[in-house]
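Structure first, then comments.
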Amino acid sequence: MKGTYILIVFIENNIQLMVGALGKILFNKGFYFYVGSAMGNYGSSTLLNRVKRHVLIKKNKSIHWHIDYLLADFRSLITKVYLIPSIEPLECKIAQELSEICDNSIQKFGSSDCKCTSHLFYFKNLNYFDENLSNI
């Protein structure tokens with residue numbers, strides 16, 4: 001299965017992490033929405049396998065993507081995963097929409113292979129979503 005996914009990551013207290021070439025980044029307490037895609041037909045590049053890689057805790061998991069740095073830290077917690085099966089890539093479209101409603105974003109995070117400013121979006125709290133999900 002191919003598609004796009006959104007990981008919601010909660011950080012209980014402000015933390016500072018080294019994130020590859022992006023350097024040291026301050027992650028404020030709150031929720032982060034990470035938008036990724038997996039458009040492969042088989043193996044590790046399928047939607048389910050890509051998300052499993054992010055969700056499953058492995059002691060010596062290799063750091064490959066920006067999100068791996070955040071998820072490898074014990075102070076971050078994936079609280080929800082959205083799978084969006086699709087044969088067309090929707091990652092950048094969803095990232096653009098989240099950029100319009102988020103409280104902030106981490107510049108260049110997860111978007112080194114596209115023209116988006118970011119694929120990681122910060123929300124101080126989830127009140128917006130709690131109030132509006134019933135309308136979907």
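The values are calculated or read from the model by the stated rules, or taken from the named source; none is laboratory data. Computed from a predicted structure; not experimentally measured. A quick note on method: Cβ atoms are made from the backbone with ideal geometry, for glycine too, and the neighbour counts reach across all protein chains shown. Protein only, heavy atoms only, side chains kept; ligands, DNA and RNA dropped before computing areas. Shrake-Rupley method; radii C 1.70, N 1.55, O 1.52, S 1.80 Å.
Points to keep in mind about this one:
- Residue-level check: of (1) modelled with pLDDT under 95; (2) over 20 Å from residue 12 (Cα atoms), residue 91 misses just (1).
- Checking each residue in the stretch 70-80 for being surrounded by 13 or more Cβ atoms within 10 Å (Cβ to Cβ) and either of a type in the set (A, V, I, L, M, F, W, C) or within 11 Å of the chain's Cα centre (by Cα) (or both) picks out 70, 71, 72, 78, 80.
- Scanning the stretch 1-25 for residues that are within 18 Å of residue 77 (Cβ to Cβ) and part of a strand (DSSP E or B) yields 5, 6, 7, 8, 9, 10, 11, 15, 16, 17, 19, 25.
Residue-wise test of (1) of a type in the set (Asp, Glu); (2) on the phi < 0 side of the Ramachandran plot; (3) touching a Gly at 6+ places or on another chain (Cβ under 8 Å).
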site: 28; (1), (2), (3): no, yes, no
site: 61; (1), (2), (3): no, yes, no
site: 65; (1), (2), (3): no, yes, yes
site: 73; (1), (2), (3): yes, yes, no
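- Yes/no for residue 123 being of a type in the set (A, V, I, L, M, F, W, C), at pLDDT 95 or above and more than 21 Å from residue 3 (Cβ to Cβ): yes
- Taken over the stretch 37-64, the criterion of being touching a residue at least 24 places away in the same chain (Cβ under 8 Å) and open to solvent by 50 Å² or more (accessible area, probe 1.4 Å) is satisfied by 39, 41, 48, 55, 63.
- You will find that of 93, 124, 115, the residue that is open to solvent by 70 Å² or more (accessible area, probe 1.4 Å), of a type in the set (D, E, K, R) and in contact (Cβ under 8 Å) with a residue 24 or more places away in the chain is 124 and no other.
- Selection of the stretch 26-56 for residues being within 25 Å of residue 99 (Cβ to Cβ) and assigned to a loop (DSSP other than H, G, I, E, B) yields 28, 29, 39.
- If the condition is being basic (Lys, Arg) and either at pLDDT below 90 or touching a Phe, Trp or Tyr at 6+ places or on another chain (Cβ under 9 Å) (or both), then the stretch 46-74 contributes 50, 58, 59, 61.
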